[in-house]
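This report refers to the structure that appears directly beneath it.
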Amino acid sequence: MEINFKQLREDRGVTQKEISDKTGLTRATLSRLENGQTEPSLVTTMKYLDALGLQLKIGVKEWINIKKH
């Protein structure tokens, strides 16, 4: 699953500080995430999207694949 976190955030006019305040993730972590330097966990992805007012929806097949890794 590939998500362009930075684009999602910028499209909504939200700053990294606002995401950090809502998620508890550091700005350094957010920067690495947005620049593709780190692979986020499912929980981190959900926190980030929730801070933007978005939801992650996955099907059962995808969930099973995630649980295997």
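The values are calculated or read from the model by the stated rules, or taken from the named source; none is laboratory data. Everything quoted here is computed from the prediction, not taken from an experiment. When the accessible area is computed, the model is the full protein with side chains, heavy atoms only, and any ligands, DNA or RNA have been set aside. Shrake-Rupley method; radii C 1.70, N 1.55, O 1.52, S 1.80 Å.
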Quick one: order K57, K22 from most to least accessible surface, probe 1.4 Å.
K57, K22
Contour minus Cα-Cα span, V43 to E10, at 0.36 nm per residue, comes to 9.8 nm
